[in-house]
Amino acid sequence: MLLNLEIVGKQIKYESLLIDIFIFLVFIPAFLSIVFYSHLNERFVLYLADPTLFTLYFSNFAHSGFLHFFDNILAYVVIIPIIFLLRTNRKRFYVDMVLIFSLTPFMVSFFTVMFVPARTSLGFSGIVAALIAYYLFSVYEFTQKQLRVCLNYSVLILIFGFSFLFVLIQYALAGYAVIDYIILLSFLLLLLLPDSLKEMARAYRSMKKMSHQKKGKITVIMISVFMFVSYSLAIILFLILFPLELATPTGQTNILGHLIGYCAGLILPILYRRTTACEYQNY
């Protein structure tokens, strides 16, 4: 009887994985491909002087050319499997994805219409940016699970803030007028730092406690390596979203859209977690 339950459990997990693969690695890339290679691509274009609810949303699934399309598809199919490996709760993951795919397009398009001086807007990169942010979020949740500790999200915001500060410094050195933003962001990060240090101390105490357990030192070393590699990758991926040369072969890079998408990928799951209980303490 127990063996039968184990077999059924494995079958359910296998079927769930197949559903996940179909939705995120078959259906969504197929939808993007159908849009790009059909007349829908032109219909989805957002004209900033004449926006509609339809184009505010669906312009995020159209592309200006093959390189634009290929770059976004490639980034998407690389980041999604990594998120699969890191997720700690399938139900919460699906709620997060519904929030990201339903709200991020409107958020990106709204700020583009309001603040970007261009004629048209289109591209999946805002959603890709949200998924890159969600990768960082997933790493943070996975870290909590491994450390068996519930942390608030101040450390997560701090990582994002310092990454963005580095981007702004790069733009300042390149001659862009962003000094005011650097000063403001630095001030906000200083306000956030004390709470973040407390959370880091809690994580350290959890690791120290684990190190005294059987094979605990090996576990702590593995977690430390995972954290270093994963958070470093998260920062690198963030920096890639903000090139110094905004004019590219695929058109003008909408860095505001990338920023709004990234913020959505962090804020939406954090807001959702505020409605649920932490499940990592004494995991």
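The values are calculated or read from the model by the stated rules, or taken from the named source; none is laboratory data. None of these values were measured; they are calculated from a predicted model. Ideal geometry is used to build each Cβ from the backbone, glycine not excepted, and the neighbour counts take in all protein chains shown.
General observations
- Being among the small types (Gly, Ala, Ser), modelled with pLDDT under 95 and farther than 30 Å from Thr143 by Cα holds for only one residue in Ser59, Ser64, Ser109, Ser33, and it is Ser64.
- Given (1) closer than 26 Å to Ser125 by Cβ; (2) at pLDDT 95 or above; (3) surrounded by 11 or more Cβ atoms within 10 Å (Cβ to Cβ), number of the condition Gln252 does not satisfy: (2)
- Residue identified as modelled with pLDDT of 95 or more, in a loop (DSSP other than H, G, I, E, B) and among the aromatic types (Phe, Trp, Tyr) among Phe238, Phe242: Phe242
- Being of a type outside the set (A, V, I, L, M, F, W, C) and modelled with pLDDT of 90 or more is not true of Ser211.
- Residues located in the range 1-30, provided they are small (Gly, Ala, Ser) and at pLDDT 95 or above: Ala30
- Taken as a whole, the range 113-122 holds no residue that is in a helix (DSSP H, G or I) and closer than 20 Å to Phe24 by Cα.
- Only one entry in Tyr204, Tyr171 is over 28 Å from Leu131 (Cβ atoms) and either free of Cβ contacts under 8 Å to residues at least 12 places away in the same chain or not basic (Lys, Arg) (or both), namely Tyr204.
- Search result, residues across the range 258-278 that are surrounded by fewer than 18 Cβ atoms within 10 Å (Cβ to Cβ) and of a type outside the set (Lys, Arg): Ile270, Leu271, Tyr272, Thr275, Thr276, Ala277, Cys278
- Residue list for the range 209-220, filter: surrounded by 12 or more Cβ atoms within 10 Å (Cβ to Cβ) and out of contact with any helix residue (DSSP H, G or I) (no Cβ under 8 Å at 6 or more places or on another chain): Lys209
- Filter pass, Ala130 being modelled with pLDDT of 95 or more and under 30 Å from Val45 (Cα atoms): yes
- Test: residue in the range 215-230 that is in a helix (DSSP H, G or I), in contact with a Phe, Trp or Tyr (Cβ under 9 Å, 6 or more places away or on another chain) and either basic (Lys, Arg) or over 20 Å from Phe164 (Cα atoms) (or both): yes
- Only a single criterion out of (1) out of contact with any Asp or Glu (no Cβ under 7 Å at 6 or more places or on another chain); (2) in contact (Cβ under 8 Å) with a residue 40 or more places away in the chain; (3) in a helix (DSSP H, G or I) is not satisfied by Val155, namely (1).
- Subset of the range 161-195 (residues that are assigned to a loop (DSSP other than H, G, I, E, B) and surrounded by fewer than 16 Cβ atoms within 10 Å (Cβ to Cβ)): Ala174, Gly175, Tyr176, Ala177
- Meeting the requirement of 2 or more residues that are acidic (Asp, Glu), surrounded by 13 or more Cβ atoms within 10 Å (Cβ to Cβ) and touching a residue at least 12 places away in the same chain (Cβ under 8 Å), no helices (runs of 4 or more DSSP H) wholly within the range 13-76 can be named.
- When Ser138 is tested against (1) buried (at least 17 other Cβ atoms within 10 Å of the Cβ); (2) assigned to a loop (DSSP other than H, G, I, E, B); (3) not aromatic (Phe, Trp, Tyr), just one condition goes unmet, and that condition is (2).
- Check on Phe93, at pLDDT 95 or above, among the hydrophobic types (A, V, I, L, M, F, W, C), closer than 28 Å to Tyr272 by Cα and within 15 Å of the chain's Cα centre (by Cα): yes
- Some residue of the range 232-240 being of a type in the set (Gly, Ala, Ser) and over 26 Å from Ser121 (Cβ atoms): yes
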